[in-house]
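Have a look at this one.
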Amino acid sequence: MPELPEVQTIVDDLNKKIVGHKIIDVWSDWPKTIKTPSFSQFKKLIKNQKILKIKRRAKNLLFYFSDNYMMLLHLKMTGHLLLGKWKIEDKKAIPISPKEIINDPYNKYIHIIFYLDKDKMIGFSDLRKFGKIIFGKKDKIENLPELLKLGPEPLEKRFKFNEFKEIISSEKRKIKQVLMDQEVIVGIGNIYADEVLWYSKINPLKPANKLSEKELKILFSAIFKILNKSLKLRGTSTSDYRDLSGKRGSYGDHLLAYKRENQPCFRCKIKIKRIKIGGRSTHFCPKCQKL
């Protein structure tokens, strides 16, 4: 699933490329992506809406339109947005540009196309069809329960160590599970939880409320450093994530622990181990991150 750096990369690109444009039509071969309203109503309401800005909240993309309308788009497991050109053949979207989209099989699962003015198109590629869209008036979307219950944003300047300490220290669950809980702190998924815990030399099985003050400070700093590094490298593409132009993010070339099972730890050379925590693969160094 795209995490904070991947979603923020898409948001930044969208703000550069499509803000100020109007949506003139929508096509879909999987209208179930639109959870509310119905697809026919969605298509009617979004036509001629001008895109004012796009923001990120946790792993959600928030589109702000004219006429006080708003759209929430969650990429879920395999979704990403692409700026390109497609033609519809046999009720399927066939890419015709750019070459990065045409040549990459992970960009071919287009189930929604937004047709914009000035001959622009935004396609939503979603292999597993888990992505979702909710459209409506701004006050309704901003007050959706799934947004209101979210935890703080780890890269916001107002998010200080004392707040982080209070949140983490109140949790009895394993620290890996806590970091991935979007109601505790947002944007950190399986990839970056492994990365920041390796960087911090903290075992993923350790109860969060057992972390020392020193460990908490290191972890707080690691979250900021790792997420920002990945954001500068335009995210991680270990499988299907691509940026707006269809290109892979390059943080995957700098992974510290995630997907490095049986490879030597960069610090001590002991092989990275993989276990399951809450049904998710977890990678760590059994020596550097000793429990």
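What follows draws every value from the coordinates through simple rules; no lab data is involved. These numbers were taken from a predicted model, which means no experiment stands behind them. Cβ placement follows ideal geometry from the backbone for every residue including glycine, while neighbour counts extend to all protein chains displayed.
Check Ile191 against each of (1) within 14 Å of Leu4 (Cα to Cα); (2) buried (at least 22 other Cβ atoms within 10 Å of the Cβ); (3) in contact with a helix residue (DSSP H, G or I) (Cβ under 7 Å, 6 or more places away or on another chain) and name the one condition it does not meet.
(3)
Can you tell me which of (1) out of contact with any Gly (no Cβ under 9 Å at 6 or more places or on another chain); (2) in contact (Cβ under 8 Å) with a residue 12 or more places away in the chain; (3) among the aliphatic types (A, V, I, L, M) is the one Leu148 doesn't meet?
Leu148 satisfies all of (1) out of contact with any Gly (no Cβ under 9 Å at 6 or more places or on another chain); (2) in contact (Cβ under 8 Å) with a residue 12 or more places away in the chain; (3) among the aliphatic types (A, V, I, L, M) except (2).
When you scan segment 69-155 for helices (runs of 4 or more DSSP H) that lie fully inside it, which ones turn up with 1 or more residues that are touching a helix residue (DSSP H, G or I) at 6+ places or on another chain (Cβ under 6 Å) and buried (at least 16 other Cβ atoms within 10 Å of the Cβ)?
99-103
Turning to a different aspect of this structure: Out of everything in segment 1-42 that is charged (D, E, K, R) and in a helix (DSSP H, G or I), what residue ends up being nearest to Ile141 (Cα to Cα)?
The residue in question is Lys32.
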